[in-house]
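> Before anything else, here's the structure in question.
The values are calculated or read from the model by the stated rules, or taken from the named source; none is laboratory data. From a predicted model like this one, the values you see are computed outputs, not experimental measurements. Because the Cβ atoms are built from the backbone with ideal geometry, glycine has one as well, and the counts that use them run over all protein chains shown. Each accessible area value is taken on the protein alone, full model and side chains, heavy atoms only, with ligands, DNA and RNA left out. Shrake-Rupley method; radii C 1.70, N 1.55, O 1.52, S 1.80 Å.
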Amino acid sequence: MSAIRFFHMADLHLDSPFKGLFGLPDNNLKKIRASTFEAFNKIIHRAIEERPDFLLIVGDIYDGENRSLQAQRRFQSAMETLFEHNIPVIVSYGNHDHLNGSWTRFALPSNVYELPADTSVVQLKIRGQQVNIYGFSYGQRHVKEAMIHHYPVAQDQHAIHIGMLHGSEASDSTHAVYAPFKKEQLLAKGYHYWALGHIHKRQLLHKEPPIVYPGNIQSRHRNEQGIKGFYDVTLSQTSANLTFVPTSAVVYNVVEVDCTNVMHANELLQKCEEAIAINRMEYGASVIDLHLNHIDDEAEALFEHATIDEWLETIREAEDGIEPMGWVQKLFIHKSTASSEPTAITESVISVMDQWDITEWKDILKDLYQHASGARFVEPLTEREIKHLKLEAQALLADEIQRV
């Protein structure tokens, strides 16, 4: 049996608004807001160069159900380019760009197969090999039904069977649980590959056959750390070879700075510049959470007469104009263990905070998240964000106690 080759991607979120970014120079803001398009262009250029047999796009091509004109025009143009090179594209729409939205429609070329709301099959013949691709698009934003029940069991023993599913494992609460499934339910269908979407973190849920989340192609906020991309897949009935291909135009990263024995401001600034330069060489354009570690009593004196915001602005000024950009979004100060021994008061407060679940955190912060004018600028509340809030609260408590 001959092998086939395809690109598996999901969650393009073209024209994402990129929430939670403040104070950026215009050129950096422009770069970030164009990053989903730049990441998508990398995929199209690679497809033209590498000539895979087809592309799979598993939901959330667009960031919103209104599908902006700019995003649609760029996607339509890319599909026309693939049409010229005779590369088919199988598309499903997800919860962000569901079929019941309201938008000005663009006609896509005949190489693009748009899956309907009902589970259906696209059949391709590739060098004599029959390929059956199963999937559906979201008819509305909230698909709570377990759609896996509508996928047929593979019957044709001579065909390669691929499932496309934009949804989440029933036990995974990192994203809203839409079209839930259990891994065993996917395996029971007898397919040779499951192309998943919706979860923005790259994951291999099962190796043989592969059940794969490629993650999104471009991070959209600081809770989506690291390099993003898609999978280049070579597949037969008996084997699968997956290669991850990076596409990030801008990488969201954590950069650690060791501040041991730092006494003077110029030393601290130099260490920050060096750490950001190393990150720039490895990852290119980045949005950075900068963590200053091992701040002892002497280094702490550097923050007595200048606020963290002033330090942040000074670090940003040092990076201004350097390409590719290294924009420091947040600055975190971590004291040495010796200079930040927990007190009974801080331990008591942190102990109470540790008992709060995410529902209680949402209730405590509801005034902020429900504020009409500010909510759109606030990043989603996740377990990672809660961890940061705890650390910041502990540091603030320690500072206040030392001032008393």
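> Would you mind getting the accessible area per residue of the chain, heavy atoms of the protein chains only, 1.4 Å probe, in Å²? Don't jump to the answer; show the numbers that get you there.
Details: 19590 Å² over 404 residues.
Per-residue accessible area for the chain comes out at 49 Å².
> Report the full-extension gain for the segment Leu69 to Ser171: residue separation times 0.36 nm, less the Cα-Cα distance, to one decimal in nm. Intermediate results must be reported in sequence, preceding the final value.
Values: separation 102, 0.36 × 102 = 36.72 nm, distance 3.63 nm.
Stretched fully, the Leu69-Ser171 segment lengthens by 33.1 nm.
> Using only Cα atoms, what is the ratio of the radius of gyration of the chain to 2.2 N^0.38 Å? All intermediate terms of the calculation are to be shown ahead of the outcome.
Numbers: Rg = 24.0 Å, N = 404, 2.2 N^0.38 = 21.5 Å.
So the chain has a normalised radius of gyration of 1.12.
> If I compute solvent accessible area with a 1.4 Å probe over the protein chains, what percent of it on the chain is carbon and sulfur? Walk me through the numbers before you get to the answer.
Numbers: 9950 of 19590 Å².
In the chain, the share of accessible area belonging to carbon and sulfur is 51 percent.
> On to the next question. Set the bar at 27 Å for Cα to Cα. Now go through Lys30/Lys330; Lys31/Lys183; Lys31/Lys207; Lys271/Lys330; Lys144/Lys362 and name every pair that lies beyond it.
Pairs exceeding the cut-off: Lys31/Lys183; Lys31/Lys207.
> Tell me what the chain gives for mean residue ellipticity at 222 nm when only DSSP H runs of n ≥ 4 count, each as -39,500 (n - 2.57), the sum divided by the residue total, rounded to 500 deg cm²/dmol.
My calculation for the chain gives -9500 deg cm²/dmol from helical runs alone.
> Could you check the spin-label model distance between Gln157 and Ile322? Points 7 Å from the Cα along Cα→Cβ, value in nm.
For the pair Gln157/Ile322, the computed spacing is 6.3 nm.
> Tell me the angle of helix 69-84 to the major Cα principal axis of the chain, expressed in degrees between 0 and 90 and rounded to the nearest ten.
Once rounded, one gets 50 degrees.
> Here is a follow-up. Under the 0.36 nm per residue contour assumption, what length would be gained going from the current alpha-carbon distance of Ala117 and Asp26 to full extension?
Details: separation 91, 0.36 × 91 = 32.76 nm, distance 4.06 nm.
Going from the current span to full extension adds 28.7 nm.
> Which residue fluctuates the most in the chain, going by a Gaussian network model with Cα springs under 10 Å, if the choices are Glu80, Glu304, Glu319?
Evaluated over the chain, the most mobile residue of the options is Glu304.
> Another question, then. Go ahead and run the numbers for FRET between Asn241 and His305, Cβ-Cβ distance against an R0 of 60 Å, rounding to 0.05.
Working: r = 58 Å, r/R0 = 0.97.
With R0 = 60 Å, the Cβ-Cβ based efficiency is 0.55.
> Long-range amide H contacts for Glu169: which residues qualify at under 5 Å (H placed 1.01 Å from N, peptide plane, sequence gap of 5 or more or a different chain)?
For Glu169, whose amide H was placed from the backbone, the distant partners under 5 Å are Phe181.
> Something else now. Straight-line reach only, C-alpha to C-alpha below 16 angstrom: list the aspartates and glutamates that Lys125 could link to, leaving out same-chain residues fewer than 8 apart.
Within the straight-line limit of under 16 Å, Lys125 reaches these aspartates and glutamates: Asp53, Asp156.
> Sticking with this one: Once you keep just the Cα pairs under 8 angstrom separated by 6 or more residues, what percentage relative contact order results for the chain? Don't skip to the answer; put the middle values down first.
Working: 777 pairs, mean separation 55.8, N = 404.
It rounds to 14 percent for the chain.
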